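Starting off with a structure, shown below.
The values are calculated or read from the model by the stated rules, or taken from the named source; none is laboratory data. Computed from a predicted structure; not experimentally measured. Don't worry about glycine lacking a Cβ; one is built from the backbone with ideal geometry, like all the others, and counts go over all protein chains shown.
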Amino acid sequence: MTEISSGQVEWSSRLKEAFGPTVELEDEEGTTSVYDLTAEFVVGDQSYAVLLNVDDDSDEYDILKVITSAEGNLELVTIDDDEEWENIAELYDELTFPQDNDI
């Protein structure tokens, strides 16, 4: 993935409009977890969702890709490419905790 910056981000609300402020996800073992939909954004032609597990006391968030299935449904999938995940996580951190250049 090429270098990305906060200026390339467009905020989105497609998932919130479709599902509301929380989503339920099922893992490979069939366990269902509830997540708050913290943020959604688009970079280029790819959408991402930032989720926070409501049952987890930590502030650790998950970032997933938002895709549209062949049937036209919105789906969340993991980011399999380590470089892409790292770039998107750093971008979200930059958007959430901007650097203060005055220091």
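Mind listing whichever residues of the stretch 1-19 are exposed (fewer than 10 other Cβ atoms within 10 Å of the Cβ) and either in a strand (DSSP E or B) or basic (K, R) (or both)?
Result: W11, single match.
Of all residues in the stretch 82-92, count the ones that are surrounded by 11 or more Cβ atoms within 10 Å (Cβ to Cβ) and either in contact with a helix residue (DSSP H, G or I) (Cβ under 8 Å, 6 or more places away or on another chain) or among the acidic types (D, E) (or both).
4
Given the conditions (1) touching a helix residue (DSSP H, G or I) at 6+ places or on another chain (Cβ under 6 Å); (2) modelled with pLDDT of 95 or more; (3) not charged (D, E, K, R), and given that L95 satisfies all but one, which numbered condition is not satisfied?
The single condition L95 does not satisfy is (2).
For residues in the stretch 20-48 being without any contact (Cβ under 8 Å) to a residue 24 or more places away in the chain and within 11 Å of V66 (Cβ to Cβ), which is surrounded by the fewest Cβ atoms within 10 Å (Cβ to Cβ)?
Checked the stretch 20-48; the qualifying residue surrounded by the fewest Cβ atoms within 10 Å (Cβ to Cβ) is Q46.
Hey, among A39, A70, A49, A18, which residue is of a type outside the set (K, R), at pLDDT 95 or above and more than 12 Å from the chain's Cα centre (by Cα)?
A70
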